[in-house]
Amino acid sequence: MNVDLARRNMVEQQIRPWEVLDARVLDALLQVRRERFVPPGHHAIAFADLEIPIGHGECMMSPRVEARLLQELDLNPTDQVYEVGTGSGHLTALLARLAGHVTSAEIHDDLRLAASARLAAEGIRNVTLLGGDSAAGPLGQAAYDAIVLTGSTPELPRAFLGALRPGGRLFAVVGQFPVMRAMLFRPQASAEPLFETVLKPLVHAAPAPRFRF
């Protein structure tokens, strides 16, 4: 497989048609080597428009969903970012290329350690990986310019919004299968619906709201 050609085809055939035109995002997708973050045995589908399993029932997001969320977050080079679910480390690497620093939490120790090794091998240093359950809110007391949840949640825990700095933004996929929607949240503003998609739920995701009569 011609890896460079496959990467460019991914951008031209999957990413651009999904209205991702931000030059910084497109450059990050070309520069961060996605094939280095897929599990062994999956390199042939590294650039395919699908979710790639990484263990524990978890998957890498499809390239176009990663690209779209990066564009919606509109990261600045000085931004402090919090990621819920490190997974393979690929989205972590993309975030790190666009922002000042990324703090990423992963509940599965083996995924965190594997992601740490991949990030180090790619020379990505502006990342702090945390181990633990972050489905209910960020680990620690820091505030962030941007937060991204890499798994879905029936509803967004308020602790995440409380961890945003003024002007901050948060990307999350909210809902339950088969009805889920990517949303952009900002402090003291109405949530903005972005697009419909389906993601596996976060481990220990917030319970769905109960109907009251």
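The values are calculated or read from the model by the stated rules, or taken from the named source; none is laboratory data. Quantities reported herein were computed from a predicted structural model and do not represent experimental measurements. For neighbour counting, all protein chains shown are included, and Cβ atoms are generated from backbone atoms with ideal geometry for every residue, glycine included.
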I'd like the full set of residues that are touching a helix residue (DSSP H, G or I) at 6+ places or on another chain (Cβ under 8 Å) and either closer than 18 Å to GLU58 by Cα or assigned to a helix (DSSP H, G or I) (or both), limited to segment 145-156. VAL148, LEU149, THR150
When you check GLU83 against the structure, is it within 21 Å of ILE54 (Cα to Cα), surrounded by 24 or more Cβ atoms within 10 Å (Cβ to Cβ), modelled with pLDDT of 95 or more and of a type in the set (D, E, K, R), yes or no? yes
Evaluate the following for PHE177: is it at pLDDT 95 or above and among the aromatic types (Phe, Trp, Tyr)? no
Just for strands (runs of 3 or more DSSP E) wholly inside segment 34-130: which have at least 1 residues that are within 11 Å of the chain's Cα centre (by Cα)? 58-60, 80-84, 101-106
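Of all residues in segment 51-71 being touching a helix residue (DSSP H, G or I) at 6+ places or on another chain (Cβ under 9 Å) and either loosely packed, with under 15 Cβ neighbours inside 10 Å or among the small types (Gly, Ala, Ser) (or both), which is nearest to TYR144 (Cα to Cα)?
Filtering segment 51-71 down to residues touching a helix residue (DSSP H, G or I) at 6+ places or on another chain (Cβ under 9 Å) leaves 51-52, 54-56, 58, 60-71.
Filter once more, keeping what is either loosely packed, with under 15 Cβ neighbours inside 10 Å or among the small types (Gly, Ala, Ser) (or both): 55-56, 62, 67.
On the way: GLY55: 29, HIS56: 28, SER62: 25, ALA67: 20 Å.
Only one residue fits best here, namely ALA67.
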Confirm whether ALA99 is hydrophobic (A, V, I, L, M, F, W, C), buried (at least 18 other Cβ atoms within 10 Å of the Cβ) and farther than 26 Å from ALA189 by Cα. no
For segment 59-81, pairs from a residue that is on the phi > 0 side of the Ramachandran plot to a residue that is modelled with pLDDT of 95 or more and surrounded by fewer than 21 Cβ atoms within 10 Å (Cβ to Cβ), with Cβ under 9 Å and 6 or more apart or across chains, are ASP74/ASP22
Considering only segment 132-170, state which residues are of a type outside the set (Asp, Glu) and touching an Asp or Glu at 6+ places or on another chain (Cβ under 6 Å). ALA146, VAL148, ARG165, GLY168
Pick out the one residue from ALA142, ALA135, ALA189 that is in a loop (DSSP other than H, G, I, E, B), aliphatic (A, V, I, L, M) and under 14 Å from GLY85 (Cβ atoms). ALA135
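To keep it simple, each residue is scored yes or no on (1) of a type in the set (S, T, N, Q); (2) within 20 Å of GLY123 (Cα to Cα); (3) surrounded by fewer than 18 Cβ atoms within 10 Å (Cβ to Cβ).
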position: VAL11; (1), (2), (3): no, no, no
position: LEU21; (1), (2), (3): no, no, yes
position: ASP27; (1), (2), (3): no, yes, yes
position: VAL32; (1), (2), (3): no, yes, no
position: PHE37; (1), (2), (3): no, yes, no
position: HIS43; (1), (2), (3): no, no, yes
position: ALA48; (1), (2), (3): no, no, yes
position: LEU73; (1), (2), (3): no, no, no
Considering only segment 141-154, state which residues are farther than 19 Å from VAL65 by Cα, surrounded by fewer than 23 Cβ atoms within 10 Å (Cβ to Cβ) and modelled with pLDDT of 95 or more. ALA143, ASP145
Filtered residues of segment 157-213 (kept if surrounded by 14 or more Cβ atoms within 10 Å (Cβ to Cβ), without any contact (Cβ under 8 Å) to a residue 24 or more places away in the chain and touching a helix residue (DSSP H, G or I) at 6+ places or on another chain (Cβ under 9 Å)): ARG186
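Yes/no per residue for (1) modelled with pLDDT of 95 or more; (2) surrounded by 21 or more Cβ atoms within 10 Å (Cβ to Cβ); (3) among the basic types (Lys, Arg); (4) under 25 Å from ALA28 (Cβ atoms):
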residue	(1), (2), (3), (4)
GLY87	yes, yes, no, yes
LEU94	yes, yes, no, yes
ARG112	yes, no, yes, yes
ALA120	yes, no, no, yes
VAL127	yes, yes, no, yes
